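Down below is the structure, laid out as structure tokens.
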Amino acid sequence: MSKILVVDDEKPISDIIKFNLTKEGYDVAVAMDGREALDLFESEEPDLVLLDQMLPEIEGTEVLRQIRTKSQTPVIMVTAKDSEIDKVLGLEMGADDYVTKPFSNRELLARIKANLRRQSPVSGQSGQIDDSSDIKIGALTIHPDAYMVSKNGQDIELTHREFELLHHLSKHIGQVMTRDDLLQTVWGYDYFGDVRTVDVTVRRIREKIEETPSHPQILMTRRGVGYYLKASEE
């Protein structure tokens, strides 16, 4: 049974979410503010966090930042309706997904299931890790078994989603992948996001693997099409 930490200071909303998730078989813990969220994250060790952006005590983005210093547990941010800056900020700080209020129970469940499924990959499923061999691209090495990436022997910390995107591209060196393809393959067919999600994740990866992120030499853009990893001999 997967455990989900729901963080929302609006009790009617958190009660409804808890009821629906419990009915689906999840173990649910609820926090009403950011400080309680961090305490419960430590004590409950959830498999996924549903995190509201606007919280008393400690804001949702700061809760996310603190979670990311110690864990790559999937985090779905809850943002204000049509707030593009909130969505981008959450993704920039390492959120795996976002959902906007008001949201349907069906949409929320789809996002939760997709993120939990990605966190526990099963060999042979589309877009999931099924190859244990290390992949070398110049000074960069991708270690699928360990879900780790290193450069010149130094480990690079990636979120689960960042790793999956980089690993997927590494299995198709030189092949340009459209944003829509990446959304479907890496985020899952039932992901409700938009292509900006891919752009933000690519930018975060570049900040970690490139010497000069604004002039990438590894993770390249094919303008108007999508992204690809450059072969080291190019």
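The values are calculated or read from the model by the stated rules, or taken from the named source; none is laboratory data. As the structure is a prediction and not an experimental result, all values here were calculated from the model. Cβ placement follows ideal geometry from the backbone for every residue including glycine, while neighbour counts extend to all protein chains displayed. Remember, those area values only see protein heavy atoms, side chains included, never the ligands or the DNA or RNA. Shrake-Rupley method; radii C 1.70, N 1.55, O 1.52, S 1.80 Å.
Pairs linking a residue in region 10-28 that is farther than 12 Å from residue 105 by Cβ to a residue that is open to solvent by 90 Å² or more (accessible area, probe 1.4 Å), with Cβ atoms under 7 Å and 6 or more positions apart or on different chains, are 25/1; 26/1; 27/1.
In region 37-104, which strands (runs of 3 or more DSSP E) lie fully inside it and hold 3 or more residues that are touching a helix residue (DSSP H, G or I) at 6+ places or on another chain (Cβ under 9 Å) and without any contact (Cβ under 8 Å) to a residue 60 or more places away in the chain?
48-52, 75-79
Picking from residues in region 197-234 that are of a type in the set (Asp, Glu) and over 20 Å from residue 92 (Cα atoms), the one that is least open to solvent (accessible area, probe 1.4 Å) is 234.
On the given criteria, is residue 194 without any contact (Cβ under 8 Å) to a residue 24 or more places away in the chain, open to solvent by 20 Å² or more (accessible area, probe 1.4 Å) and closer than 18 Å to residue 87 by Cβ?
yes
One residue alone among 8, 52 is under 20 Å from residue 159 (Cα atoms) and crowded, with 16+ Cβ neighbours inside 10 Å, and that residue is 52. Within the bounds of region 140-153, is there any residue that is open to solvent by 60 Å² or more (accessible area, probe 1.4 Å), aromatic (Phe, Trp, Tyr) and either at pLDDT 85 or above or not in a strand (DSSP E or B) (or both)? Checking region 140-153: at least one residue is open to solvent by 60 Å² or more (accessible area, probe 1.4 Å), aromatic (Phe, Trp, Tyr) and either at pLDDT 85 or above or not in a strand (DSSP E or B) (or both).
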